[in-house]
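The values are calculated or read from the model by the stated rules, or taken from the named source; none is laboratory data. From a predicted model like this one, the values you see are computed outputs, not experimental measurements. Don't worry about glycine lacking a Cβ; one is built from the backbone with ideal geometry, like all the others, and counts go over all protein chains shown. The protein model used for the area step is the full one, side chains on, heavy atoms only, and it has no ligands, DNA or RNA in it. Shrake-Rupley method; radii C 1.70, N 1.55, O 1.52, S 1.80 Å.
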Amino acid sequence: MPVRIRSFGGPLIWWMRKHHSGLTSRIVLSTVGATRRTKIQNYINSFLSAEATPSFRFLMLETINRCNGVCSFCPAAAGTDKRPYKRMEESLLGKIITELAERNWVGTIFLQVNNEPLLDNRLFTFAKEIRNRLSHCRICIITNGTLLDIAKLKKMILLVDEIVVNDYSETYNLSPNIKKIYSYVLHHKAEFMTMNIIIARRYNKEILATRAGTAPNKPYKNNNVNSPCIYPFTDMIIFPDGKVGMCCNDCFEMTNFGDVNRENIFDIWGNEKFTELRNRMAKGRSAYPFCVECDVVDAGSREKIIQ
């Protein structure tokens, strides 16, 4: 099945997420954080004991730092985003791809961080360049779907391995344009057999994680989650100006672990700043100032990779 709907527990859990969002968030995050702690800790111990720094598994590229969504849980929402506008230069993307190709890097490339990727009209050109030069890598796009249509989805065939459409709404029903796309794919499955399409039902006013203390609709900052975070051991985050951030929860682009304009991407990944972060994170997120208020727990894709 090239397309599926992810409902996160069905109508009952949706009702809980809408009407008891804070309680649901506390239960889910604390439970998931506790159950995954051992697996994450084991990987961290293995990572830190390796003779050479293991490579990142996920690369997130933010080619434009803007979003058209108005989700109340996101500090990068349209109308409230405080970040200076930035747009990645084509030459910088070329440098990144070249360095990955020289190392024969294998992993997953996301063409977004805290932005709506379809706002960048160069998205398909970028995806094509990555596909041509890094054919062994997976390319993924996460979008709110408001700018997505059938024509654009067809352009992604053979370019994108997976697209996740977060259909933000205040009802359990799919948005009209997403419903149209879903119906088309169901009736033309053969066209999309090379691409995994996931439509996620999302409540746009939900209280989720704190996102390192920046989530505007979460008055309390941490759900007692102090397990180590997996992101510094698996993810490389590059903002449009070439600065390398700590993780995708650095919504205001405050952290800076290097600049890929001047440094090799792999040198940054193994530098002293990242090493200090990882050594501290091994003791729990309270050991690193930026992470003290963060209760984000990965949705599971990182854990599947490290296992």
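Ala299 versus (1) surrounded by 17 or more Cβ atoms within 10 Å (Cβ to Cβ); (2) in a loop (DSSP other than H, G, I, E, B); (3) at pLDDT below 95: which is the lone unmet condition? For Ala299, the failing item is (1). Scanning the stretch 181-195 for residues that are open to solvent by less than 60 Å² (accessible area, probe 1.4 Å) and polar (S, T, N, Q) yields a total of 1. Is it true that Asp295 is out of contact with any Phe, Trp or Tyr (no Cβ under 6 Å at 6 or more places or on another chain) and of a type in the set (Asp, Glu)? Spelling it out, Asp295 is indeed out of contact with any Phe, Trp or Tyr (no Cβ under 6 Å at 6 or more places or on another chain) and of a type in the set (Asp, Glu).
Condition check ((1) within 26 Å of Asp295 (Cα to Cα); (2) open to solvent by 40 Å² or more (accessible area, probe 1.4 Å); (3) of a type in the set (A, V, I, L, M, F, W, C)) across all residues:
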residue: His136; (1), (2), (3): no, yes, no
residue: Ala151; (1), (2), (3): no, yes, yes
residue: Tyr168; (1), (2), (3): yes, yes, no
residue: Lys179; (1), (2), (3): no, yes, no
residue: Ile197; (1), (2), (3): no, no, yes
residue: Asn204; (1), (2), (3): yes, no, no
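Just a yes or no: is a residue in the stretch 227-237 open to solvent by 30 Å² or more (accessible area, probe 1.4 Å), within 26 Å of Arg66 (Cα to Cα) and either aliphatic (A, V, I, L, M) or modelled with pLDDT of 90 or more (or both)? No; the residues of the stretch 227-237 include none that is open to solvent by 30 Å² or more (accessible area, probe 1.4 Å), within 26 Å of Arg66 (Cα to Cα) and either aliphatic (A, V, I, L, M) or modelled with pLDDT of 90 or more (or both). Scanning the stretch 264-286 for residues that are part of a helix (DSSP H, G or I), of a type outside the set (A, V, I, L, M, F, W, C) and open to solvent by less than 30 Å² (accessible area, probe 1.4 Å), we see that the one that is modelled with the highest pLDDT is Arg278.
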